[in-house]
Amino acid sequence: MIQSLEKVLAYKNAQVLKACKKLYIYYDLSDAECQQIFEDLLRFLWLYATVEKRKIEEPNWDAPDISIAYSMLAIDQFWHTFIMNTQDYMDFCNDYLGQYVHHPIPVSKYFKNKKTLGEDKANELFIVEMATCVIEYLDGEVAWRWFDEYEKYLPENADELIAHHG
């Protein structure tokens, strides 16, 4: 069972947060910035689980892909760190999301659109649909952070990292 967003956001893990701060090598993040990015990771994982549940309950729903957008690389880096704390991550997923959330998350709609509409249009649709979903389930402030503000955390070699991470 998926816990409420409030319960998910109440999850604390000082060890993972410390590792995130230490391992995010691109910027000297403050404790507040680390906490915000970690909470946004929790929001992202909750959103994914919530949308997946709705897709099962409403099989005809034209669900958006919920995945890491380019601007959200900081959240992705924190996710990697959380996953490396395997037992904590597995326990979190089971206790708060009712399922293990694999990385990377498949983006079947994006790949279908890319094949039929081209990469630029597929990217545009992915961002529009995901941002709309973030606003619906979370709020506009979260969408702004994920798709605008977090671009300040992109390293100079972000394209290489994403291509390698693929």
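The values are calculated or read from the model by the stated rules, or taken from the named source; none is laboratory data. Since this is a predicted model, take the numbers as computed values, not measurements. Note: ideal-geometry Cβ built from the backbone for every residue, glycine included; neighbour counts use all protein chains shown.
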Search result, residues across the range 14-28 that are out of contact with any Ser or Thr (no Cβ under 7 Å at 6 or more places or on another chain) and surrounded by fewer than 17 Cβ atoms within 10 Å (Cβ to Cβ)
Ala14, Gln15, Lys18, Lys22, Ile25, Tyr26, Tyr27, Asp28
Regarding the range 70-77, can at least one residue be identified that is modelled with pLDDT under 95, closer than 28 Å to Asp28 by Cα and in contact with a Cys (Cβ under 8 Å, 6 or more places away or on another chain)?
yes
Residue under question is Ala74, and the condition is that it be over 14 Å from the mean Cα position of the chain (by Cα) and among the small types (Gly, Ala, Ser); does it hold?
no
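Looking at the structure I just gave you, is Val51 more than 27 Å from Cys133 (Cα to Cα), modelled with pLDDT of 90 or more and buried (at least 16 other Cβ atoms within 10 Å of the Cβ)?
Numbers: more than 27 Å from Cys133 (Cα to Cα): no; modelled with pLDDT of 90 or more: yes; buried (at least 16 other Cβ atoms within 10 Å of the Cβ): yes.
For Val51, the condition - more than 27 Å from Cys133 (Cα to Cα), modelled with pLDDT of 90 or more and buried (at least 16 other Cβ atoms within 10 Å of the Cβ) - is not met.
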The lone exception for Asp28 - which of (1) free of Cβ contacts under 8 Å to residues at least 60 places away in the same chain; (2) assigned to a loop (DSSP other than H, G, I, E, B); (3) under 20 Å from Glu141 (Cα atoms) it fails:
(3)
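Answer with yes or no whether Gln36 is at pLDDT 95 or above and either hydrophobic (A, V, I, L, M, F, W, C) or over 22 Å from Phe147 (Cβ atoms) (or both).
When the stated conditions are applied, Gln36 does not pass them.
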Flagged pairs (Cβ under 8 angstrom, 6 or more apart or on separate chains; first in the range 96-122, farther than 30 Å from Tyr11 by Cα; second loosely packed, with under 15 Cβ neighbours inside 10 Å) are Asn113/Lys121; Ala122/Phe111
Of Glu119, Glu141, Glu151, the only residue that is under 25 Å from Cys20 (Cβ atoms) and modelled with pLDDT under 95 is Glu151
Give me the pairs: first residue in the range 146-166 and aromatic (Phe, Trp, Tyr), second residue at pLDDT 90 or above and outside any helix (DSSP H, G or I), beta-carbon distance under 8 Å, and six or more apart or on different chains, which are they?
Trp146/Ala69; Phe147/Ala69
Show the residue pairs that are 6+ apart or on different chains and have beta-carbon atoms under 6 Å apart, the first residue being within the range 1-13 and under 17 Å from Phe38 (Cβ atoms), the second being acidic (Asp, Glu).
Leu9/Glu39; Asn13/Asp88
Looking only at helices (runs of 4 or more DSSP H) that lie completely in the range 40-158, which have at least 2 residues being among the charged types (D, E, K, R) and out of contact with any strand residue (DSSP E or B) (no Cβ under 8 Å at 6 or more places or on another chain)?
86-92, 108-117, 119-137, 140-147
What is the number of the single condition among (1) touching a residue at least 24 places away in the same chain (Cβ under 8 Å); (2) surrounded by fewer than 16 Cβ atoms within 10 Å (Cβ to Cβ) that Glu141 does not meet?
(1)
